[in-house]
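The values are calculated or read from the model by the stated rules, or taken from the named source; none is laboratory data. Quick caveat: nothing in here was measured; it's all calculated off a predicted structure. A quick note on method: Cβ atoms are made from the backbone with ideal geometry, for glycine too, and the neighbour counts reach across all protein chains shown.
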Amino acid sequence: MGMTLVVKKTTTLVAPFLVTYGAYLALYGYASPGGGFQAGVILAVSAILLMTAYGPKQVKKHFPLGEVSLLEGFSGLFLTVLALAGLMFGAFFLNFLRPYLPGGTVVPFNVGVALKVAAAFILTFYLLSRWVDRD
């Protein structure tokens, strides 16, 4: 299954830009509108775009279901640890990294949310693509 050559080449050219912009939003979303959720959606769209152009089987070779599921689990664990680490410094989600990192805990939190959202959307699309694989 797949699309035409034009769609495949265009997708191959556009996907790296989407990943770069998603990473930029995750890292610098604290300074402007945007952040973790938007970055995660953009990262997921790049993988979903590749799935649409090349077919789910081709993309699952590069992003296996187990690895995407592990990424989602570990990003959730990372967010929980980050939230609980604030308790050690006196408050839940306290911005305890501000002296060491621009934006404080917002940057790692945005990265964790971006990975969680991206993995969840990709897993959802994997589940939806099961019916396509049957055809």
Filter segment 33-47 down to residues that are at pLDDT below 90 and either over 14 Å from Pro108 (Cα atoms) or not in a helix (DSSP H, G or I) (or both), then give me how many there are. 3
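Quick grid of which residues meet (1) more than 21 Å from Arg130 (Cα to Cα); (2) crowded, with 18+ Cβ neighbours inside 10 Å:
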| site | (1), (2) |
| --- | --- |
| Thr10 | yes, no |
| Leu13 | yes, no |
| Phe17 | yes, no |
| Thr20 | yes, no |
| Ala31 | yes, no |
| Ser46 | no, yes |
| Gln58 | no, no |
| Lys61 | no, no |
| Ser69 | no, no |
The one condition in (1) modelled with pLDDT of 85 or more; (2) within 21 Å of Lys8 (Cα to Cα); (3) touching an Asp or Glu at 6+ places or on another chain (Cβ under 7 Å) that Ile122 fails to fulfil: (3)
Restricting to segment 12-32, name every residue that is aromatic (Phe, Trp, Tyr) and either in a loop (DSSP other than H, G, I, E, B) or over 22 Å from Gly55 (Cα atoms) (or both). Tyr21, Tyr24, Tyr28, Tyr30
Which pairs have Cβ atoms under 8 Å, sit 6 or more apart or on different chains, and link a residue in segment 48-66 that is closer than 19 Å to Leu18 by Cα and part of a helix (DSSP H, G or I) to one that is at pLDDT 90 or above and small (Gly, Ala, Ser)? Leu49/Ala15; Leu50/Ala15; Val59/Ala47
Within segment 56-78, can one find any residue that is modelled with pLDDT under 85, touching an Asp or Glu at 6+ places or on another chain (Cβ under 8 Å) and of a type outside the set (A, V, I, L, M)? yes
